[in-house]
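Heads up, the thing below is written out as structure tokens.
What follows is calculated from the coordinates using simple rules that are stated; it is not laboratory data. Every value quoted in this text rests on a predicted model; they were computed, and no experiment measured them. When we count neighbours, we look across all protein chains shown, and the Cβ atoms used for this are built from the backbone with ideal geometry, even at glycine.
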């Protein structure tokens, strides 16, 4: 993958603005969740609900509010600072000297110690530890820093801190090119994160369906016809949305199994254009791969992420795990770049490629 632009503003990195908007959106969702809990708490007090029901709602509202405030103090402040820095400064390369938990030792003209302020998940820490080089913007007057890891378009929020020699250096596992793709902690960790993210995407439909069913059964039992009618409309809609989400995200559930198929092997790949991601950075895509046996085959790429799309665009290749079947995993070894591909078995697209 080519390095980020180092001659102009850091905002020139493709899809950086989309990644920042997605982070702001997640923060807004957290605030809306806290507001919804407080509205539910107010309703419980106004309706003179029993203490057994009111106390847990109040406790949950307090926990969510404290969590949201903590996120606002870290991620929210970093988002504002990073937006200013991206428009005013270029990316600059720095050497990764060591990873100490969430603390990074970076070196350019001087040694810089930073602490990742967002959730520092294990696969990203491993990828940072393996990287010989990352790119940063900052620090600003408050010490905020944005860290760019190769292949990953979403910048990592960090802040300058004093040296922490008391924190032990994180053990970085080696990548074995002969082992199955699932044996690599970065790849397998990225697959688990994608699965967790898929559950978050269909969770609203699942919760709405469960609540709707509960209200419908209660309303029918008590004879509340109006409430029963509203629930009878809500339940089929929520059920349809839930089934649609499960169907679209079902391929991600197979990733662990697909990564067990064998070691990564690189193949030429050509992404079908145009491909435009949605607000979350995903969109269905298609590509043409040249398999190890020389066969050119079209594939569908359900909910392709912009990191994978950019990897294919910039390198003209992609890596596949093991021997490709009807469905197989694609990505890059030692990187959180990962997706699922479905072979197109018949139809005009396959005939066009074969011709």
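Could you calculate the contour length gain from residue 284 to residue 296, that is, 0.36 nm times the residue separation minus the distance between their Cα atoms, to one decimal place in nm?
2.3 nm
Test of understanding: what is the full-extension gain from residue 46 to residue 67, defined as 0.36 nm times their sequence separation minus their Cα-Cα distance?
This chain segment gains 5.0 nm when fully extended.
Taking R0 as 41 Å, what FRET efficiency do you get between residue 21 and residue 240 from their Cβ-Cβ distance, rounded to the nearest 0.05?
0.90
In nm, to one decimal, how far is the modelled label at residue 87 from the one at residue 6, with both set 7 Å along Cα→Cβ?
With each label point 7 Å from Cα toward Cβ, the separation is 2.6 nm.
Can you sort 311, 175 from fewest to most other Cβ atoms within 10 Å of each residue's own Cβ?
Least to most surrounded, the residues fall as 175, 311.
With the crude spin-label approximation of a point 7 Å out along Cα→Cβ, what separation in nm comes out for residue 167 versus residue 108?
2.0 nm
Before anything else, pin down the relative contact order of region 257-354: Cα pairs under 8 Å, at least 6 apart, normalised by residue count, whole percent.
31 percent
Starting with the fewest neighbours, write out 266, 153, 130 ranked by other beta-carbon atoms found within 10 Å of each beta-carbon.
Placing the least packed residue first, the sequence is 266, 130, 153.
At residue 342 and residue 265, where each label point lies 7 Å from the Cα along Cα→Cβ, what is the point-to-point distance in nanometres?
Computed distance between label sites residue 342 and residue 265 equals 2.4 nm.
With an 8 Å cut-off on Cα pairs and a minimum separation of 6 or more residues, tell me the relative contact order of region 10-160 in percent.
Relative contact order comes out at 23 percent.
Rounded, prolate or oblate: which fits region 59-187 when a ≥ b ≥ c are the square roots of the eigenvalues of the alpha-carbon gyration tensor, with rounded for a/c under 1.5 and prolate only if a/b beats b/c?
oblate
Please rank 313, 80, 110, fewest neighbouring Cβ atoms within 10 Å first, as an exposure proxy.
Fewest-to-most ranking of 313, 80, 110: 110, 80, 313.
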